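Okay, structure first, notes after.
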Ligand code: SAM
């Protein structure tokens, strides 16, 4: 058995050995609590036949726990300074593979094809860099990758918005973009004390389980998200006012927008936050012909 990486003593020793200094701009807050890591991995429900894709392995704290539980771990790390450290800390785990790349620029589908061929159960598991949590999650979902789901640590405030239900203050275009593709739940609230250095915000772990097909079919997913973003542009405005002021050419198309709202059976005086995803889907399809 190897000593876990995620303890304050071992982490400090590794950082000192390599003279590593944290880069705040890369969202480097490393986990130093093995129990929290095991819990995250538990929520991913992996088996020895599963694979995990990690984003930002840092010094390998989570990578190690994943490697113990599944067949293969592929991890994207942007910071070149971490590569020699990872080669050292992950040396006992030959089923890990580090890719030195910005995940936002990576061809993840190709990596899955090349690195995880023959593995049918793939989960994304990560302690995300907080400056890019939403672009990363949206990229992974919009690229329609062959993954079962995503279990990630992120800012609690973002977790609240992702899993929010209609009619709540946190419900918005992000909740819709993510719940359209997945069932979203917050599975853990995590104290700041388990990170080195400690972040300024509270953290949470969310589990996103991909739906077999998106919640409701629409003519265009892009246009659905354009409509939802427009509807929440000013939360206190009515849906009619937001759509006329935000959709391209909306001011000249007020009559058509009213017709689409009527066809979708949505009162023009309602606010975006009261609409369910199926209602947004109906509205988007009713508006589509007037904007294409
Ligand atoms: N997994 C480690 C842990 O839990 O201790 C480190 C997590 S730390 C919050 C985020 C990691 O993501 C850092 O190692 C950072 O260098 C890396 N990172 C930041 N931006 C990235 C990007 N665009 N692509 C890949 N990795 C990134």
Top of 151, 218, 73 by mean-square fluctuation, Gaussian network on the chain, Cα under 10 Å:
218
Residue among 93, 181, 18 with the largest mean-square fluctuation in a Gaussian network model of the chain, springs linking Cα atoms under 10 Å:
18
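Using the number of other C-beta atoms within 10 angstrom as an exposure proxy, rank 33, 170, 222 with the fewest first. Intermediate values should be presented prior to the final figure.
Values: 33 19, 170 16, 222 11.
Starting with the residue having the fewest Cβ neighbours, the order is 222, 170, 33.
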Expressed as a whole number of Å, what is the distance separating the alpha-carbon centroids of region 145-165 and region 189-232?
4 Å
Inter-part gap, Cα centre of region 64-108 to Cα centre of region 265-292, in whole angstrom, is 43 Å
Output the 0 to 90 degree angle, nearest 10, between the alpha-carbon long axis of helix 133-142 and the longest principal axis computed from the alpha carbons of the chain.
70 degrees
Can you tell me the length gained on complete extension of the stretch residue 200 to residue 134, counting 0.36 nm per residue apart and subtracting the Cα distance?
22.0 nm
Among DSSP beta bridges whose residues both lie in region 8-210, state the antiparallel percentage, nearest 5.
45 percent
Nearest 10 degrees, 0 to 90: what angle lies between the long axis of helix 254-263 and the longest principal axis of the chain (Cα atoms)?
80 degrees
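Divide by every residue of the chain the summed helix terms, -39500 (n - 2.57) for each DSSP H run of at least 4, and state the resulting mean residue ellipticity at 222 nm, rounded to the nearest 500 deg cm²/dmol.
Values: 12 runs with 109 residues, N = 292.
Value at 222 nm, helices only: -10500 deg cm²/dmol.
What does the C-alpha gyration tensor say about the overall shape of region 221-291? Classify as rounded when a/c is under 1.5, otherwise prolate if a/b is larger than b/c, or oblate. Walk me through the numbers on the way to the answer.
Values: a/c = 1.19, a/b = 1.05, b/c = 1.13.
Rounded shape, in that the Cα axes give a/c under 1.5.
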Which residue fluctuates the most in the chain, going by a Gaussian network model with Cα springs under 10 Å, if the choices are 59, 32, 119?
119
Restricting to Cα pairs under 8 Å and 6 or more apart, the percent relative contact order of region 8-210 works out to 21 percent
Overall form of region 8-210 per C-alpha gyration tensor (a/c, 1.5; a/b vs b/c)
oblate
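With r defined as the distance between the Cβ atoms of residue 144 and residue 105 and R0 fixed at 22 Å, what FRET efficiency is calculated, to the nearest 0.05?
0.75
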The helix 221-231 Cα axis meets the longest alpha-carbon principal axis of the chain at an angle in degrees, between 0 and 90 and rounded to 10, of 70 degrees
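Normalising by the residue count of region 221-291, find the relative contact order in percent from Cα pairs under 8 Å and 6+ residues apart.
Values: 79 pairs, mean separation 26.1, N = 71.
RCO, region 221-291: 37 percent.
Since every read-out is calculated from the coordinates, none of them should be taken as a lab result. The shown structure was predicted, so the numbers you read here are calculated from the model rather than taken from an experiment. Note that we place each Cβ from the backbone using ideal geometry, even for glycine, and neighbour counts take in every protein chain shown.
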